[in-house]
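Here the structure is laid out as structure tokens; the discussion comes afterwards.
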Amino acid sequence: MNLIKNYRNWRRYRDTVNELSRLSTRELNDLGINRSDIPGVARGQR
């Protein structure tokens, strides 16, 4: 079960990174996110 949970978490992380990466710089700035912040935001560290 741990393997399944880890896979789901990884997929959620990748989906979030992909979604945020598609946004324009202006849209990210409106959200208060820099491009370099995307991995941390996707991990929930911000």
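Every number here is computed from the coordinates shown, using simple stated rules; none is lab data. None of these values were measured; they are calculated from a predicted model. Reconstructed Cβ throughout: ideal geometry from the backbone, glycine too, with neighbour counts over all protein chains shown.
Quick notes
- Where Ile4 falls short, out of the listed (1) assigned to a helix (DSSP H, G or I); (2) surrounded by 11 or more Cβ atoms within 10 Å (Cβ to Cβ): (2)
- Some residue of region 10-21 being in a helix (DSSP H, G or I), loosely packed, with under 10 Cβ neighbours inside 10 Å, more than 8 Å from the chain's Cα centre (by Cα) and without any contact (Cβ under 8 Å) to a residue 40 or more places away in the chain: no
- Note on region 22-36: residues that are under 17 Å from Arg46 (Cα atoms) and part of a helix (DSSP H, G or I) amount to 6.
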